[in-house]
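Everything on this sheet refers to the single structure shown next.
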Amino acid sequence: MQKTAIVVPCFNEEKRLNVREFQSYAEKFPDIFFIFVNDCSTDKTIQVIDEICKFSETQMFSMSLERNVGKAEAIRRGFLKAIEMESMCFKNIGFWDADLSTPLEAISRFTQLLESPEVLMVFGSRVRLLNHNINRTSSRHYLGRIFATLASLVLNLKIYDTQCGAKIFKNTPDLKSVFAQPFSVNWIFDVEILARFIILSKSKGKWSIEDSAVEYPLKNWHDVAGSKLKKRDFIIASFELFKIYKYLYLSRKKSY
Ligand SMILES: Nc1nc2c(ncn2[C@@H]2O[C@H](COP(=O)(O)OP(=O)(O)OP(=O)(O)O)[C@@H](O)[C@H]2O)c(=O)[nH]1
Ligand SMILES: [Mg+2]
């Protein structure tokens, strides 16, 4: 496996963080490096993260932020830390939900795909295919399908699932610029990442998202109880999607 940093955003994950899973995965894959980003959890998340990180200083790192900044900003800060760690020479940098709704085993499949020179990013995709175990509540599934369809229309991209909390990117100067500024949205920052890459690819004209992004249909994915997502977040998400549409549309208008 190429040297890969995985940012794990953690907010009140005392009960869901699986110490053994992270430690045994790191044991199997010495080239994996986990960066846990905790932003003022009110439970014993930091103690559990410390427990995990005891396993190895060379494969685990724990960041505690000064205040709760939300999933998007916590992940961005983790990426900046990984990019900053030049001596580690990470080939890939990704993020992974702490609840392991996407099992860690999928990471090595993503990094294999990233070994192809033309592949710049791999996204987990929750596609209910035969002999694939994608377990979501029906409400999350259908709401997810509506949102994903709207997101793909806004991005004008044939993407099936933008919201899966398992994504890995090649560590390139373009990645650095995409994560350089805080995101303007929170829960749907994944869509803003894609929008930023689309604008960048158009301005550079060297590569396109369609040719360099891979959606990997996950073999296993399961909803883990204890989601931080609240009902109102679905409303906020639709406003956030409109914000990204405006951002993309205005940049498109500018480029014509
Ligand atoms: N650091 C940080 N992480 C957060 C925050 N909110 C959520 N997260 C993390 O984001 C990840 C996803 O959160 P979940 O509560 O599992 O959300 P979900 O319902 O699964 O939603 P999806 O991400 O769409 O699957 C978990 O690792 C959370 O700990 C936050 O405010 N700060
Ligand atoms: Mg989850």
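The values are calculated or read from the model by the stated rules, or taken from the named source; none is laboratory data. All values derive from a computational prediction rather than experimental measurement. Methodologically, a virtual Cβ is constructed for each residue, glycine included, from the backbone with ideal geometry; neighbour enumeration extends over all protein chains shown. Side chains included, ligands, DNA and RNA excluded: accessible areas come from the protein's heavy atoms. Shrake-Rupley method; radii C 1.70, N 1.55, O 1.52, S 1.80 Å.
Some values worked out for this structure:
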item: Near pairs, Cβ below 6 angstrom, 6+ apart or cross-chain, from the range 186-199 (under 17 Å from Ala166 (Cα atoms)) to any residue that is open to solvent by 30 Å² or more (accessible area, probe 1.4 Å); result: Asp190/Gln163
item: Residues located in the range 36-62, provided they are under 12 Å from Val8 (Cβ atoms) and either surrounded by fewer than 18 Cβ atoms within 10 Å (Cβ to Cβ) or free of Cβ contacts under 8 Å to residues at least 24 places away in the same chain (or both); result: Cys53, Ser62
item: Qualifying residue in the range 200-209 (condition: in contact with a helix residue (DSSP H, G or I) (Cβ under 8 Å, 6 or more places away or on another chain) and within 16 Å of ligand 1 (Cβ to nearest atom)); result: no
item: Subset tally (residues that are modelled with pLDDT under 90, more than 27 Å from Asn131 (Cα to Cα) and of a type outside the set (D, E, K, R)) for the range 195-235; result: 7
item: Condition met for Ser56 (at pLDDT below 95 and under 24 Å from Gln2 (Cβ atoms)); result: yes
item: Qualifying residues in the range 127-144 (those that are within 13 Å of ligand 1 (Cβ to nearest atom) and either in a helix (DSSP H, G or I) or open to solvent by 20 Å² or more (accessible area, probe 1.4 Å) (or both)) - the one nearest to Lys81 (Cα to Cα); result: Gly144
item: Top-ranked residue in the range 72-125 [being farther than 25 Å from Ser201 by Cα and away from ligand 2 (no atom under 15 Å from the Cβ); ranked as least open to solvent (accessible area, probe 1.4 Å)]; result: Ile107
item: Matching residues, the range 1-22, being modelled with pLDDT of 95 or more, out of contact with any Ser or Thr (no Cβ under 7 Å at 6 or more places or on another chain) and surrounded by fewer than 19 Cβ atoms within 10 Å (Cβ to Cβ); result: Lys15, Arg16, Asn18, Val19, Arg20, Glu21
item: Any chance Glu66 is of a type in the set (Asp, Glu), closer than 26 Å to Leu229 by Cβ and surrounded by fewer than 19 Cβ atoms within 10 Å (Cβ to Cβ); result: yes
item: Test set (1) in contact (Cβ under 8 Å) with a residue 12 or more places away in the chain; (2) within 17 Å of the chain's Cα centre (by Cα) - Arg140 fails condition number; result: (2)
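Okay, residues lined up against (1) at pLDDT 95 or above; (2) of a type outside the set (A, V, I, L, M); (3) touching a helix residue (DSSP H, G or I) at 6+ places or on another chain (Cβ under 8 Å); (4) at positive phi:
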residue: Gly165; (1), (2), (3), (4): yes, yes, no, no
residue: Ile168; (1), (2), (3), (4): yes, no, yes, no
residue: Asn171; (1), (2), (3), (4): yes, yes, yes, no
residue: Val178; (1), (2), (3), (4): yes, no, yes, no
residue: Phe183; (1), (2), (3), (4): yes, yes, yes, no
residue: Asn186; (1), (2), (3), (4): no, yes, yes, no
residue: Asp190; (1), (2), (3), (4): yes, yes, no, no
residue: Ile193; (1), (2), (3), (4): yes, no, yes, no
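Conditions (1) among the aromatic types (Phe, Trp, Tyr); (2) within 16 Å of ligand 2 (Cβ to nearest atom), marked per residue:
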residue	(1), (2)
Thr4	no, no
Val7	no, yes
Phe11	yes, yes
Asn18	no, yes
Glu21	no, yes
Ile35	no, no
Lys44	no, no
